[in-house]
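Single-structure report; data block below.
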Amino acid sequence: MNYIDSKSLYFRYRNSTEDVLKNVDFNANKGEITAIIGESGSGKSTLLRILAGLEVPQKGELAINDRVLIDEEIFIPVEKRGIGMVFQDYALFPHLSVEKNILFGMNKMKKESASKRTCEVLDLVSMKEFIKRYPHELSGGQQQRVALARALAPKPGVILLDEPFSNLDANLQGKIRNELKTILKTSGETAIFVSHDKDDLEIADRVVILNKGEVIQTGTPADIFENPKNEYVRHILGI
Ligand SMILES: Nc1ncnc2c1ncn2[C@@H]1O[C@H](COP(=O)(O)OP(=O)(O)OP(=O)(O)O)[C@@H](O)[C@H]1O
Ligand SMILES: [Mg+2]
């Protein structure tokens with residue numbers, strides 16, 4: 001069985017008639033980095049939000065590490081899933097400093113270890129000197145790095161990242177991308193990230209291509225580059 005195992009996820013937003021996810025089977029292996037790519041509006045963020053527990057699918061099943069999170073009877077809420085998430089718009093708490101933003105997710109930890117971990121993750125994203133700043137005093141890319149540090153801090157086991165590199169300049173993108181891979185691999189974290197950018201596939205072990213709420217192709221980056229299933233996949237890969 002897959003570490004993250006979802007079957008036939010069907011989702012529609014309330015007050016909308018659009019089928020945002022149509023029978024999506026999404027799987028990911030433990031310790032791997034899985035990339036979800038697809039055009040704007042294809043349902044990538046929605047799928048992540050369902051995995052996190054922020055949206056409830058009308059149909060389908062989800063289990064992580066053999067623990068059922070969603071089925072016909074069960075729905076485990078976001079706070080009981082132990083999943084870290086970096087949102088597309090970062091969603092830092094505006095009234096909290098960088099330090100407090102990161103400490104927030106470690107409230108069950110001893111103060112001393114939480115502070116140590118805060119410095120560790122800020123160092124990881126090269127943001128240590130910004131520890132006392134507030135989100136509005138940071139650039140978009142800096143906020144993104146703080147959001148990444150905040151998600152990694154409690155060592156969640158599964159981490160979901162929505163367009164984690166989109167606001168970084170090209171130089172920083174390459175650096176953070178490779179660092180993220182090292183961080184995830186050394187911590188044994190299972191990661192799922194959403195991207196528009198085929199360059200991000202460099203750090204992925206597996207790729208899931210989404211179009212209009214349907215999975216079009218899955219495989220290793222090499223698989224899909226060598227055997228793109230159709231024109232849409234070629235278009236997404238820029239080949
Ligand atoms: N809160 C909402 N209420 C109604 N419809 C929504 C809501 N959020 C998203 N949608 C719609 O659901 C579809 C999928 O949106 P989603 O945000 O998952 O796409 P995406 O693949 O993440 O796109 P992008 O690459 O632009 O971030 C879109 O058609 C969008 O308009
Ligand atoms: Mg999105």
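A few remarks follow.
- Taking segment 216-239 as the range and being over 17 Å from residue 197 (Cβ atoms) and in a helix (DSSP H, G or I) as the test, the residues that pass are 222, 223, 226, 231.
- Answer residue from segment 180-201, given it is charged (D, E, K, R) and in contact with a helix residue (DSSP H, G or I) (Cβ under 7 Å, 6 or more places away or on another chain) and is farthest from ligand 1 (Cβ to nearest atom) among those: 181
- In this structure, residue 27 does not satisfy being surrounded by fewer than 16 Cβ atoms within 10 Å (Cβ to Cβ) and either of a type in the set (Ser, Thr, Tyr) or within 19 Å of residue 188 (Cβ to Cβ) (or both).
- Residue satisfying condition, being within 16 Å of ligand 1 (Cβ to nearest atom), buried (at least 17 other Cβ atoms within 10 Å of the Cβ) and either small (Gly, Ala, Ser) or under 24 Å from residue 144 (Cα atoms) (or both), within set 92, 48, 9: 48
- Only one of the numbered conditions (1) crowded, with 20+ Cβ neighbours inside 10 Å; (2) touching a residue at least 24 places away in the same chain (Cβ under 8 Å) is not met by residue 188, and that is (1).
- Contact map, segment 1-26: first residue in contact (Cβ under 8 Å) with a residue 40 or more places away in the chain, second residue away from ligand 1 (no atom under 13 Å from the Cβ) and not in a strand (DSSP E or B), Cβ cut-off under 7 Å, separation 6 or more or different chains; pairs are 1/66; 3/29; 3/30; 3/65; 10/58; 11/58; 12/58.
- Members of segment 1-13 that are of a type outside the set (A, V, I, L, M, F, W, C) and modelled with pLDDT under 95: 2
- Subset tally (residues that are closer than 18 Å to residue 220 by Cβ and of a type in the set (D, E, K, R)) for segment 11-48: 3
- Scope segment 122-152; condition assigned to a loop (DSSP other than H, G, I, E, B) and of a type in the set (D, E, K, R); matching residues: 132, 133
- Some residue of segment 61-71 being closer than 20 Å to residue 168 by Cα and not assigned by TED's automatic domain parsing to the domain that holds residue 149: no
- Residue in segment 138-155 that is outside the structural domain of residue 39 (by TED's automatic domain parsing), more than 27 Å from residue 57 (Cα to Cα) and within 16 Å of ligand 1 (Cβ to nearest atom) present: yes
- Count of segment 57-86 residues which are surrounded by 13 or more Cβ atoms within 10 Å (Cβ to Cβ), modelled with pLDDT of 95 or more and hydrophobic (A, V, I, L, M, F, W, C): 8
The values are calculated or read from the model by the stated rules, or taken from the named source; none is laboratory data. Quick caveat: nothing in here was measured; it's all calculated off a predicted structure. Reconstructed Cβ throughout: ideal geometry from the backbone, glycine too, with neighbour counts over all protein chains shown.
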